[in-house]
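Step one of this worksheet: look at the structure below.
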């Protein structure tokens, strides 16, 4: 049997957002590896072994997946959202590069998914409809000074901004500092979207002016979108619609 | 009958990348509107009217969709990729804001899709695995000076960058200027991905150093990803893998 590794995106939570391509890979797998809550989304079946692991062990998980494929298994590494956006695909290639040369001959594919910022944007309207950036606010893997520099430059470029991992467990005060930097750099009351657990039964959406955004509006399951200077809210009887026009 | 409007993303081309959520909306629609090549992807059936329109009439198309919903139709506006990324969702909300007040009571939903940059990134590896930005290089809707400013600030922030519409018909020379700006601002030979018609039978992927990137490597169906200073290529027997590590 010839092994392979697929790194697959499960989307933000709703099973109706899992692509048929990903569904087919899950059905062909002999082994699925991933962070505990993502593995919990996979139905058990005969011939399939589920390998759930904790957060912060991405490189071990990636090496495990590659070695199982080397041993002939059909392995799916599951990420939430899109595996290429602050998720397992980069970790897998880091492990590949650091690992034994024979791994490089493996059949490895990345299957995209609906990433959290795009699901959140869709639920709120179209805040990412013009130029934007995506920043991982976790400082596990990069210094705070670099995050702050990127926030200032992104504001100067007038990008809409999507923030992943706004409040990491290890440094929850980082997000308060990020909001302070943004208030100073943007100097207006542009709208901010706090989108928690999008597309799940726990979904909560909240739109506030940047001047009123508070760190505790975000938790580990929240993606935050800060508008550009052009981002607007349309008030409707069904609630506010947040969007950025196409023209600058 | 109660009308509604759904703005749905068909993904980059492969039908296996259309989410079940979007598929269900297409099955419930009475009317589908969109740009000619996207409408060509929709199978005809009894009870469904297809309304294909040309490029550059996004606002007319959006208003048409809203008016049909007002008249009780179940309308899907189709975009390729994700409707919220340089596509129809913002145009729809522009039309909504400019239109009759009664439209604001309509049931309007945006359904996300796999956007071109994420499909291209997945095919090549994981070049967007660290902080990145997405810029529409078409200058139909914004001045060139703003594009150039954003390119310079994005390089200074050391974002990976995804470019949509690199070569617009109206100003094909813009992309040559963008590459010149990037070569000056980045001052290295970081890898650049030209991803044409991703996930379709016409797919072509090409990775070249920034110093060797040529404008004619892109056309209207190409998304371009320029790495950050950390983006790397792993050579494998199956071809190059392009990725950006998670750590900075």
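The values are calculated or read from the model by the stated rules, or taken from the named source; none is laboratory data. Everything quoted here is computed from the prediction, not taken from an experiment. In this analysis, Cβ positions are derived from the backbone assuming ideal geometry, glycine residues included, and neighbour counts consider all displayed protein chains.
Miscellaneous remarks
- Residue-level analysis places residue B:213 outside the set of residues that are within 14 Å of chain A (Cβ to nearest Cβ) and buried (at least 19 other Cβ atoms within 10 Å of the Cβ).
- Lone unmet requirement of (1) more than 10 Å from chain B (Cβ to nearest Cβ); (2) farther than 27 Å from residue B:104 by Cα; (3) surrounded by fewer than 18 Cβ atoms within 10 Å (Cβ to Cβ) for residue A:175: (3)
- Residue in region B:220-244 that is farthest from the other protein chains (Cβ to nearest Cβ), counting only those that are out of contact with any strand residue (DSSP E or B) (no Cβ under 7 Å at 6 or more places or on another chain) and either within 23 Å of residue B:115 (Cβ to Cβ) or touching a residue at least 40 places away in the same chain (Cβ under 8 Å) (or both): B:220
- Filter result for residue B:196 (under 20 Å from the mean Cα position of the chain (by Cα), surrounded by 15 or more Cβ atoms within 10 Å (Cβ to Cβ), outside the structural domain of residue B:18 (by TED's automatic domain parsing) and at pLDDT below 95): no
- All positions within region B:39-85 that are at pLDDT below 95 and at positive phi: B:56
- Selection of region A:131-150 for residues being at the interface with another protein chain (Cβ under 7 Å from one of its Cβ atoms) and in contact (Cβ under 8 Å) with a residue 40 or more places away in the chain yields A:131, A:132, A:134, A:136.
- Considering the conditions (1) surrounded by fewer than 20 Cβ atoms within 10 Å (Cβ to Cβ); (2) within 26 Å of residue A:128 (Cα to Cα); (3) away from chain A (no Cβ under 14 Å); (4) touching a strand residue (DSSP E or B) at 6+ places or on another chain (Cβ under 9 Å), residue B:204 is excluded by exactly one of them, (2).
- Among the residues listed as B:23, B:104, B:61, the single one being under 28 Å from residue B:204 (Cα atoms), assigned to a helix (DSSP H, G or I) and free of Cβ contacts under 8 Å to residues at least 40 places away in the same chain: B:23
- Residue match in region A:35-54 (condition: part of a loop (DSSP other than H, G, I, E, B), in contact with a helix residue (DSSP H, G or I) (Cβ under 6 Å, 6 or more places away or on another chain) and either within 24 Å of residue B:121 (Cβ to Cβ) or touching a residue at least 24 places away in the same chain (Cβ under 8 Å) (or both)): no
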